[in-house]
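Colleague: My questions will all concern the structure given below.
Derivation of every value follows stated rules applied to the coordinates shown; laboratory data play no part. Because the structure is predicted, anything quoted here is derived from the model rather than measured. Here the Cβ positions follow ideal geometry from the backbone for every residue, glycine too, while neighbour counts run over all protein chains shown.
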Amino acid sequence: MQLESRPAHLLMRRIVVAAALLVAACQQLAPESSSTAADNQHVVAIVDSLTRAFEQAERDLQPGRVRSLLSPDFYMYADGVRANYGEVVTGIDEISTFQHFEPGWDNLEVRALGPDAAMVSFTFRDSIVTGSGDVLLAGGATTLVWERRDGEWRVIYADADHYPVE
């Protein structure tokens, strides 16, 4: 087998062209990076607002508003038990029977995962007065994953751990 040898000047020209293309590509990344930072800030602002609207919908005892923020393929783990959309909606619909629901969400942090996804984490302390007058207090940690599909932001996943509080 015979290897074809190329003149040194052709090899050098290929190296120079490849280096020039690499430099050009790196220069194109610089504006995109700052644009990505701005895009991430925009995603964070939108998802922060939607998450606070979610909390307010609970406080206002409006299960329809809460449901409107969930994707049809939504699922969650609540205290280690997986629940699908239908099971979660059944629980959400009970909100309308409460006499009072005071969700308290603290330490809320939103992280953009890309232009169409974000993760929210926070701690909560809920105070609920059921329709029959029972008082339920719980606190814990929650994580929500939001995704934008067809221009609409919805929660696709949640995890919540509830702990009794005094």
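Colleague: Full extension from residue 94 to residue 138: what is 0.36 nm times the residue separation minus their Cα-Cα distance, to one decimal in nm?
Modeller: Contour length minus Cα-Cα distance gives 14.2 nm.
Colleague: Give me the extension gain from residue 125 to residue 45: residue separation times 0.36 nm, minus the current Cα-Cα distance, reported in nm with one decimal. Don't skip to the end; give the middle numbers.
Modeller: Working: separation 80, 0.36 × 80 = 28.80 nm, distance 2.34 nm.
Value of the extension gain: 26.5 nm.
Colleague: Just for the stretch 59-163, what percent of DSSP beta bridges are antiparallel, to the closest 5?
Modeller: Details: 40 of 45 bridges.
Roughly 90 percent of the beta bridges in the stretch 59-163 run antiparallel, per DSSP.
Colleague: Here is a follow-up. Compute the separation of the alpha-carbon centres of the stretch 37-76 and the stretch 98-153 and state it in Å as a whole number.
Modeller: Going from one Cα centre to the other spans 8 Å.
Colleague: Right, here's the next one. What's the exposure ranking of 166, 109, going from fewest to most Cβ atoms within 10 Å? Numbers along the way, then the final one.
Modeller: On the way: 166 4, 109 11.
Neighbour counts put them in this order, fewest first: 166, 109.
Colleague: Report, largest value first, the span of the C-alpha coordinates of the stretch 29-166 along each principal axis, in whole Å.
Modeller: Cα spread of the stretch 29-166 along its principal axes, largest to smallest: 59, 30, 27 Å.
Colleague: When a footprinting reagent is the concern and you count Cβ atoms within 10 Å, what order do 113, 144, 50 take, fewest first? Intermediate results must be reported in sequence, preceding the final value.
Modeller: Working: 113 14, 144 25, 50 18.
With the sparsest Cβ surroundings first, the list reads 113, 50, 144.
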